[in-house]
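Comments concern the structure below.
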């Protein structure tokens, strides 16, 4: 038995209906309920789906983003239209999908069910493949509009990757400490305070930045200890080396390299550490590499941004892009966790054991919307997003961004930028 839970109007904004929005608490309630049901063997499978916001925004993905296989094996593009392109008990699914793909090429703004259902003849249902193909060929328009959501995906031809991140942090390395560490340093101190050191540990730091955490860790080690700190930004590494020299640290090695490669090549380590970098590094591959690189009894410790954080500026940015997808030259998609529960699952899948886990927020307070934007660009939190915009349109978007941000803030109140995070210490058994 499978139960479908419809989640209407997940955001509302893409369709221009900002007043019809599920709150974060409501969205999390739905997802948490789905997770609870999934963990119980006594309950049916529960799938949550986003209901169509509007035909123009999301449209119909029948035969593309979803299809249905009934109890007898018939493969149907839509559960409201009794047509079939084949039966999986009689032939491989690939062949059935090949026939369906001739008629369902891309999402459309018109509902397939409304278009086709009146043309399905009586008699045996679902209509057999030869009848179904004829119905689609005769009544399903081959030329049609594409829903806005899929335009957003199609018009972003490339995706922000390593080179873009490297350039972004090379660009802001001189401003990073001033605009980031003044509030974001506390969770790093709190995390390191949870760790115990004998002094001879081998430590690997993923994404060391300007070396703030590197130096704190190095000072916990004695002469026999060693820390390898990796970062892809040479600008950041230059400042990290300067910081270490100024503090007389000699047991830290800074390498311009990918963290996953260092983990796979240079282990075993007694501690793998990262602060504010995971998410730019994919979580599953990182946890898997860390699990392999840790010595038995070794620890993984990290601070990571939560998904869509800082929430208000990220939502404003998303609204601007949704209103005109062509402003974004590259798709920006990172891998930040939704909550602590996701971290627990990901850590367990890497055969590691969570020892400590908590969340919080680093709060930055500013007097104007312009100062908020400066923080986002010079701390690195919004640099990659900004750089993905069409350069010819950035100034206009800046003006609109600042206006919307100011409108959302209560008159006379300070602007608070909340960077929500999760902190975790895990151990390899």
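Things to note:
- Here residue 147 fulfils each of the conditions (1) touching a helix residue (DSSP H, G or I) at 6+ places or on another chain (Cβ under 6 Å); (2) surrounded by 20 or more Cβ atoms within 10 Å (Cβ to Cβ) apart from (1).
- Among the residues listed as 275, 196, 246, the single one being in the same structural domain as residue 168 (by TED's automatic domain parsing) and buried (at least 23 other Cβ atoms within 10 Å of the Cβ): 275
- Residues of the stretch 382-425 that are under 22 Å from the mean Cα position of the chain (by Cα) and assigned to a strand (DSSP E or B): 389, 417, 418, 419, 420, 421, 422, 423, 424, 425.
- Within the stretch 407-419, tally of residues that are surrounded by 19 or more Cβ atoms within 10 Å (Cβ to Cβ) and in contact (Cβ under 8 Å) with a residue 60 or more places away in the chain: 2
- Within the stretch 390-402, if we keep just the residues that are surrounded by fewer than 20 Cβ atoms within 10 Å (Cβ to Cβ) and touching a helix residue (DSSP H, G or I) at 6+ places or on another chain (Cβ under 8 Å), the residue that is nearest to residue 333 (Cα to Cα) turns out to be 390.
- Counted as qualifying within the stretch 255-325 are the helices (runs of 4 or more DSSP H) with 3 or more residues that are within 21 Å of the chain's Cα centre (by Cα) and under 24 Å from residue 189 (Cα atoms), namely 283-293.
- Any hit, the stretch 121-138, residues being without any contact (Cβ under 8 Å) to a residue 12 or more places away in the chain, not in a loop (DSSP other than H, G, I, E, B) and not assigned by TED's automatic domain parsing to the domain that holds residue 279: yes
- The selection criterion, being touching a strand residue (DSSP E or B) at 6+ places or on another chain (Cβ under 8 Å) and part of a strand (DSSP E or B), does not hold for residue 372.
- Criterion (touching a strand residue (DSSP E or B) at 6+ places or on another chain (Cβ under 6 Å) and surrounded by fewer than 18 Cβ atoms within 10 Å (Cβ to Cβ)) met by exactly one of 159, 205, 201: 159
- Residue match in the stretch 211-222 (condition: out of contact with any strand residue (DSSP E or B) (no Cβ under 9 Å at 6 or more places or on another chain), over 28 Å from residue 384 (Cβ atoms), modelled with pLDDT under 95 and assigned by TED's automatic domain parsing to the domain that holds residue 376): yes
The values are calculated or read from the model by the stated rules, or taken from the named source; none is laboratory data. Just so you know, these numbers come straight off a predicted model, no measurement behind them. A quick note on method: Cβ atoms are made from the backbone with ideal geometry, for glycine too, and the neighbour counts reach across all protein chains shown.
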